[in-house]
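Reviewing the structure listed below.
Derivation of every value follows stated rules applied to the coordinates shown; laboratory data play no part. Please read these numbers as outputs of a predicted model, since none were measured by experiment. Cβ atoms come from the backbone with ideal geometry, glycine included; neighbour counts cover every protein chain shown.
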Amino acid sequence: MNQHVDPELEITEIVDRLSKHQHYNKAILFSNTGKTFPVLINAFGSPKRMSLALGENHLDDLGQRVEQVLNLFLEPPKGWQTKLKMLPQLYRLSKWFPKKVSGRGKCQEIVMSEPNLWQLPILKCWPNDGGQFITLPCVHTISPVTSHRNLGMYRMQVFDTRTTGMHWHPHKTGARHYEEYKKVGKVMPVTVTLGGDPVYTFAATAPLPENIDEYLLAGFIREQGVRLVKCLTNDLWIPEDVDIVIEGYVDPSEPLVEEGPFGDHTGFYSLTDLYPQFHITAITHRRQAIFPATIVGVPPMEDAYIAEATERIFMPIIKKSLAPEITDMHLPIWGVAHNLVLISMRTSYSGQGFKVAQSFWGAGQMMFNKVMIIFDEEVNLRDYRSLLAILSDCFVDFTRLLFSKGPLDVLDHSADTMGFGGKLCIDLTQAAKSPGKTEIQFLFANEGENLMHQENSLSENVTLISIILEPETQRLSNELKVWYVLSNIDPLRDISVVENGGSCQILVDGRRKTKNLRWPNVITMSDEIIERVDARWNELFSIDCIVSPSLAIKPLKVGNGVEIEK
């Protein structure tokens, strides 16, 4: 796109319209941003582009390759002939390890004489954001204890020309490295890379064990080791072919600084909190560098397709190491990665579904899951109509419900305690053995109106699931209703189950809880920017104007602030 587009809000509004459209969801290069560097955004925003980024025709193909490698380690060969046959595969594996090379890389072709973040087209994504954020950074750190490298992705709010926030959550490896540097009383070297091979961005988001180098995963995907060069102002090593490099440090002896708010992937603003400062010592880049960015907000957005790739690629690992009885797993877009997980599995004994749920809730990033629904092995988890049909033909009572509590995503605003709250597993395996009827209804009432104990006369073997929402949600699509309810509930607090004479009523309060909790607003674009993009549309595009997705969400917004006032 050659016309000038402002990185402050305009890019977000344009990308939000295009990325959510069935026919015009494309990667977009904004070449005229008022800065030296063009902006590439929505590069991963479809299953096809995600597959192309990882060099596969289909993501399941890469998952099968992962399974083959796992078999090398989990099923030791028997007999010398079998071992000889494995030698070519082991030789290939040795070629995947990252390689340190001497000299400067392409990423160091140009060195800024004075590091200045404002020379980069860094986005302000949403109206109530605390500032401009680097949204697609690959953050390199190294443990002072084990010397293990970590590659993570943590948003970075720009404070001035040479400092940003470093938004790593307590459960992230970068945060653990930070605590290790604090204990040994040393300054922590940090380097951020942007762009380059898209496999680096994917690797930075991958749920790998802490002792597995993310660049080994990148080498496996590309079937060749990543070439690393040494940074200019610290001792970290980075891929030689990235677009932009931001070198610096975090000093654990400094006080934490206020960071945020930020329009997050949950579809709600994450509120301000305290995080470390990142100090910049050098910025380098390759000639004709491109600045990569992403926006997150009300789904669907680009991050959903990165999550889908993770789901498909790491499925073999989950099956082999965690729950061999599962046959498939799916994280619907409307569950924003952690709020809803669908599983199909083989069952051979009572309680096996609940066993799988508890295994998942104790493993890696799956510990953040809030609602899990389990089906039989032959069920297609992506056919939502069939899933609803299974539910509607089944009687659901306490025997199919498992309530628990544990860690939640720090960004989950529904929890009474940040990062900790309720969970629910619904086990619908062997549904035919529990015939009946389940009906779902929506009830609409303002916050504070008590509908949780209304009486309903139900027939035997009938379950009524009543979902309570605010009146302004009535015009939302069913998908957005699912997103909204899952975002707003703590299952232990907000789901009530009443059994009465062979019938069952389940009430779900999916409304705001502003009286007792700090409650963030939903993310929408400002009227001014929506009107500005409407007015410019024919100048920018030769297609009919796409209606702003924010207009459907605006009825949910309360006031103009980041946080809803009590």
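Report, by chain and number, residues whose modeled amide H sits under 5 Å from the one on Val558, excluding near sequence neighbours (fewer than 5 apart, same chain).
Val522
What is the Cα centroid distance between the stretch 300-341 and the stretch 200-222, reported in whole angstrom?
For the stretch 300-341 versus the stretch 200-222, the Cα centre distance is 17 Å.
Could you put Met345, Met525 in order, starting from the residue whose Cβ has the fewest other Cβ atoms within 10 Å?
Ranking Met345, Met525 by Cβ neighbours within 10 Å, fewest first, gives Met345, Met525.
Which whole-number percent gives the relative contact order of the chain, counting Cα pairs below 8 Å spaced six or more residues apart?
For the chain, the relative contact order is 14 percent.
Counting only residues 5 or more places away or on other chains, whose amide H sits under 5 Å from the amide H of Gly196 once H atoms are built in the peptide plane?
Asp243
Which residues in the stretch 123-157 place their backbone N less than 16 Å from a point set 7 Å from the Cα of Asn211 along the Cα-to-Cβ direction?
Only 143, 145-150 pass the distance filter.
Starting at the first residue of the stretch 48-58, write each ³J(HN,Hα) from the Karplus equation 6.51 cos²θ - 1.76 cosθ + 1.60 with θ = phi - 60°, in whole Hz, x for Gly and Pro.
5, 5, 5, 5, 4, 4, 9, x, 10, 6, 8
What are the aspartates and glutamates whose alpha-carbon lies under 17 Å from the alpha-carbon of Lys182, with same-chain residues fewer than 8 places away excluded?
Correct list for Lys182: Asp251, Glu254.
Pairs Lys95/Lys230; Lys26/Lys124; Lys20/Lys106: which are spaced more than 23 Å apart, C-alpha to C-alpha?
Lys20/Lys106
Can you sort Met372, Met329 by how many other beta carbons sit within 10 Å, fewest first?
Met329, Met372
Please name whichever of Pro276, Gly185, Val482 sits farthest to the positive end of the charge dipole of the chain, dipole taken about the Cα centre and charges placed at Cβ: Lys and Arg +1, Asp and Glu -1.
Towards the positive end, the residue furthest out is Gly185.
At a Förster distance of 41 Å, what's the computed FRET efficiency of His171 paired with Met112, Cβ-Cβ distance as r, to 0.05?
0.75
For a quick check: sort His279, His285, His148 by the number of other beta carbons within 10 angstrom, fewest at the front.
His148, His279, His285
Pop the C-beta distance of Lys100 and Asn450 into the FRET formula with R0 = 56 Å and round what comes out to the nearest 0.05.
The calculated FRET efficiency here is 0.30.
For the chain, find the longest principal axis of its Cα atoms and tell me its angle to the long axis of helix 173-184, 0 to 90°, nearest 10.
60
Hey, can you grab everything whose amide H is under 5 Å from the amide H of Arg227? Only 5+ residues off in sequence or another chain; H modelled, so Pro and N-termini drop out.
Lys99, Glu240
Any idea which of Val498, Ser321, Cys545 is furthest toward the positive side of the dipole for the chain, if Lys and Arg beta-carbons carry +1 and Asp and Glu beta-carbons -1?
The residue sitting most towards the positive pole is Ser321.
If you count the DSSP beta bridges with both ends in the chain, what percent of them are antiparallel, to the nearest 5?
Just about 70 percent of them are antiparallel.
In the chain, which longest range has no chymotrypsin sites (Phe, Trp or Tyr not before Pro) that are both DSSP loop (not H, G, I, E or B) and surrounded by at most 15 other Cβ atoms within 10 Å?
With chymotrypsin sites (Phe, Trp or Tyr not before Pro) excluded where exposed in loops, the chain gives 25-348 as its longest stretch.
Less than 23 Å apart at the alpha-carbon level, and either on another chain or at least 8 residues along: which lysines does that give for Lys183?
Reachable lysines: Lys172.
Quick one: what are the phi-derived ³J(HN,Hα) couplings along the stretch 335-347, Karplus 6.51/-1.76/1.60 with θ = phi - 60°, whole Hz, x for glycine and proline?
x, 6, 6, 10, 6, 9, 10, 9, 9, 10, 7, 7, 10
Between 0 and 90 degrees, rounded to the nearest ten: what's the tilt of helix 478-488 against the longest Cα principal axis of the chain?
80
Across the stretch 402-412, in residue order, what do the Karplus-derived ³J(HN,Hα) couplings come to in whole Hz, using 6.51 cos²θ - 1.76 cosθ + 1.60 with θ = phi - 60° and x for Gly and Pro?
10, 9, 8, 8, x, x, 10, 4, 4, 7, 6
Run the dipole for the chain about the Cα centre, Lys and Arg Cβ at +1, Asp and Glu Cβ at -1, nothing else charged, and hand back the magnitude in debye, nearest 20.
1840
Could you calculate the FRET efficiency of Ser31 with Asp393 from 1/(1 + (r/R0)^6), where r is the beta carbon distance between them and R0 is 56 Å, rounded to 0.05?
With a Förster radius of 56 Å, E is 0.55.
Give or take rounding to whole Å, what are the principal axis extents of the alpha carbon atoms in the stretch 322-519, in descending order?
Here the spans come out as 45, 42, 28 Å, largest first.
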